[in-house]
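What follows is calculated from the coordinates using simple rules that are stated; it is not laboratory data. Please read these numbers as outputs of a predicted model, since none were measured by experiment. So basically every Cβ, Gly included, is an ideal-geometry build from the backbone, and we count neighbours across all protein chains shown.
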Amino acid sequence: MRRRARCLAVAVIVWVAVTCGTAGAQEPVTVRADFIFYGDNTEFRNPFREGETIFGAAVRLTATAPIGERADITFGALMNQRFGSDSAFELVRPVFALRVGNARSSFIFGTLPSSSPGVPPGPDRAGPHKLLPPLQRETLAFDRPYEAGFQWNLAVSRVRHEAWLNWQRLNTRDHRERFDTGITGEVRLTPRVSLPYQLHVVHEGGQQFAVGPVSDSVGAAVGLAASVAAGPIDALSLEIFGLAASDTPDRDHPDRSRDGRGFFGRGSAVVDAWRGHILFWRGRHFITREGDPNYLSLRRNGVVYGGIRDYAETGLTRTFTPATGVLLEASGRLHRVEKHYEYSYRILATVDLQWRFRMVPSP
């Protein structure tokens, strides 16, 4: 692992040297170092979710070179370290990405761009693609900081849209292939009111090697969101969503499939660098493969919960910007999972460093 990390670091340096040496005066090369330091502690254990401490840091080192006016290519490496691990790095992956398009619409093929937690602030909005927690748990931003596949981003006057496919695992003699794909977006009705929508699908299958069951997990959400500024409150927002889910753990056994539904409501207020939030959830037979277990109708022992699931949380977040490109976020939350009351806290830091190299051609 250490040798692999060194090779990738050397490759990044060589790439920067080559691209800087070949870039014209009008084509600067951007070198970035994106760091995230994370400390997430859930001090609870209930029938649906175990407590866990996730403590570590990840860095993405990249160089981006333009290829004409509507395309650029990115090369680099990503490394994720879990503090206390016997390994130097839990994950080391190369970064290769081709982006085609402009600020309104762009297509990315290869390593997907990072979606750094902390922007916007709040532990309840820190998932890889800002999906709602019942669809995808926020801690995947730390457990799985690397994604590869393709992504399409659209940002026009009234519509913001992101669609992606993340290939997680190949189909081999030992296991099925696995990928997740999704859509997040919103239609802006007024400057303060929008219609958000989300879709997330997790699939395991493959035709080359039939090892294990073919499974599907689908979750979708549509809602209404409003935000206003009121007196000393910089932003006061309210979101309500209706959700539906369909979980098929084995296509050969349709009797094990579950269809569920749920309601998600969240309110938040931002004053200067402080954000407070409160959210409520009610669901029945709601099961998704990557959702936060606190919301799901599935116990830790695999038994389906037959009644209506209730969950609520409230939290307070404080952000700091000690320097340009540095964001520090500290948050604490209180959770109610059925009759269980617990707490959790999180400290995040993101650092975004950028350098631009513009080489002047020799006369």
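Quick notes on this one:
- The value of relative contact order for the chain, using C-alpha pairs under 8 Å at least six residues apart, is 16 percent.
- For the chain, the longest principal axis of the Cα atoms and the long axis of helix 2-22 meet at an angle of about 50 degrees.
- For Ser106, Ser297, Ser257, Ser157, the sequence from fewest to most other C-beta atoms within 10 Å is Ser157, Ser257, Ser106, Ser297.
- One Cα centroid belongs to segment 255-332, the other to segment 59-124; the line between them spans 26 Å.
- Here's the picture: charge each Lys and Arg Cβ at +1 and each Asp and Glu Cβ at -1 in the chain, and of Ser227, Phe35, Ala273 the one pushed furthest to the positive end of that dipole is Phe35.
- Per residue, the convex hull volume that the Cα atoms of the chain enclose (Å³): 165 Å³
- Calculated from backbone phi, Karplus (6.51, -1.76, 1.60) coupling profile of segment 73-81 in Hz, x at Gly/Pro: 10, 10, 9, x, 8, 10, 9, 10, 10
- Along the chain, the longest continuous region that contains none of the trypsin sites (Lys or Arg not before Pro) in a DSSP loop with at most 14 other C-beta atoms within 10 Å is 193-250.
- Along the chain, longest interval not containing exposed chymotrypsin sites (Phe, Trp or Tyr not before Pro), exposed being DSSP loop plus at most 15 other Cβ atoms within 10 Å: 210-363
- For the chain, adding -39500 (n - 2.57) for each run of n ≥ 4 DSSP H residues and dividing by the number of residues yields -2000 deg cm²/dmol at 222 nm.
- Cβ-derived FRET efficiency at R0 56 Å, Leu165 paired with Arg336, nearest 0.05: 0.95
- Spin-label pair Glu43-Arg318: with each label point 7 Å from Cα along the Cα-Cβ axis, the two points sit 1.7 nm from one another.
- Packing-based exposure ordering (other Cβ within 10 Å, fewest first) of Asp216, Asp255: Asp255, Asp216
- Neighbour cut-off at most 16 other Cβ (10 Å), DSSP loop, GluC sites (Glu not before Pro), segment 282-363: Glu338
- Point-charge dipole on Cβ atoms (K/R +1, D/E -1) for the chain, about Cα centre, debye to 20: 240 debye
- Cleavage-rule hits, GluC sites (Glu not before Pro), segment 43-124, DSSP coil, Cβ neighbours within 10 Å at most 11: Glu50, Glu69
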